[in-house]
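**Student:** What follows is a single structure, and I will ask about it in a moment.
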Amino acid sequence: MSDFVLMDGDQAIFMPTFGPAVVVVRPGRLAGSGPGTINGKAICVDGDESKVSVPGCMYFAGAYCVPGVGTLKIKQLAGNQKATKTKSGSKPMLLKGGTFVAEFQVTAPAQQPTAAGPVPDAMTQYMGSGSFLTTNMKFTGS
């Protein structure tokens, strides 16, 4: 099944729910590294998704109501987000597809206020999801 090819500047849109954590999300930007171009922008190929990083996102989780901070990343693409036939150079092109697996890496834990003092969130990462938003509405790959 074909879908729109992703290109430099397209966005990774993260959902705010990461298990018990709620993250104040911001979009990430893809940087295309493929040799091919669409409208002068480099095509995104396999591996470009691993470079998406959105640091400085606030979060809270359950009783940990004093916000913490972390970084959003793409952990794993869905099967329909990497072309099986269409390539740029020797690498498969990235496609809009469905929903990818996202990871939120805690850099400063949220805190739970207690009478004895604040208790930090012990979790170092949370898993969530996201999808791609592309401005390419013409060129497809499969």
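None of the figures in this text is laboratory data; all of them are computed from the coordinates on show. Bear in mind that the values here come from a model prediction, so they are computed numbers and not experimental data. Virtual Cβ from ideal backbone geometry, glycine too; neighbours counted across all protein chains shown.
**Student:** Using only the alpha-carbon atoms, what does region 73-142 span along each of its principal axes? Please give whole angstrom values in decreasing order.
**Tutor:** 59, 23, 17
**Student:** Okay, moving on. State to the nearest 20 debye the size of the charge dipole of the chain about its Cα centre, where the only charges are +1 on K and R beta carbons and -1 on D and E beta carbons. Don't jump to the answer; show the numbers that get you there.
**Tutor:** Working: 12 positive and 8 negative charges, 81 e Å.
For the chain, the charge dipole is close to 400 debye.
**Student:** Where a Cα-Cα gap under 14 Å defines reach, which aspartates and glutamates qualify for Lys82, not counting those fewer than 8 residues away within the same chain?
**Tutor:** The qualifying aspartates and glutamates are Asp3, Asp46, Asp48, Glu49.
**Student:** Related question: Could you give each residue of region 53-59 its phi-based ³J(HN,Hα) in whole Hz, using Karplus coefficients 6.51, -1.76, 1.60 with θ = phi - 60°, and x for Gly or Pro?
**Tutor:** Result, rounded to whole Hz: 8, 10, x, x, 8, 6, 8.
**Student:** What are the ³J(HN,Hα) values, in whole Hz, obtained from phi via the Karplus relation 6.51 cos²θ - 1.76 cosθ + 1.60 with θ = phi - 60°, for each residue of region 104-109 in sequence order, with x given for Gly and Pro?
**Tutor:** For region 104-109, the Karplus curve yields 10, 9, 6, 10, 9, x Hz.
**Student:** Would you please classify the overall shape of region 1-70 from the alpha carbon gyration tensor, given that a ≥ b ≥ c denote the square roots of the eigenvalues, rounded means a/c under 1.5, and beyond that prolate means a/b larger than b/c while oblate covers the rest? All intermediate terms of the calculation are to be shown ahead of the outcome.
**Tutor:** Details: a/c = 3.73, a/b = 2.68, b/c = 1.39.
Prolate, since a/c reaches 1.5 and a/b exceeds b/c.
**Student:** Classify the chain: rounded, prolate or oblate, from the alpha-carbon gyration tensor (a ≥ b ≥ c, eigenvalue square roots; a/c under 1.5 rounded; otherwise prolate if a/b is larger than b/c)? Walk me through the numbers before you get to the answer.
**Tutor:** Details: a/c = 3.26, a/b = 2.88, b/c = 1.13.
Prolate, because a/c is 1.5 or more and a/b exceeds b/c.
**Student:** A follow-up question, please. Calculated FRET efficiency, Thr107 and Leu133, Cβ-Cβ r, R0 25 Å, to nearest 0.05?
**Tutor:** Details: r = 25 Å, r/R0 = 1.02.
That gives a FRET efficiency of 0.50.
**Student:** Can you list the residues, at least 5 places off or on another chain, whose amide H is less than 5 Å from the amide H of Gly97, using H built in the peptide plane?
**Tutor:** Phe4
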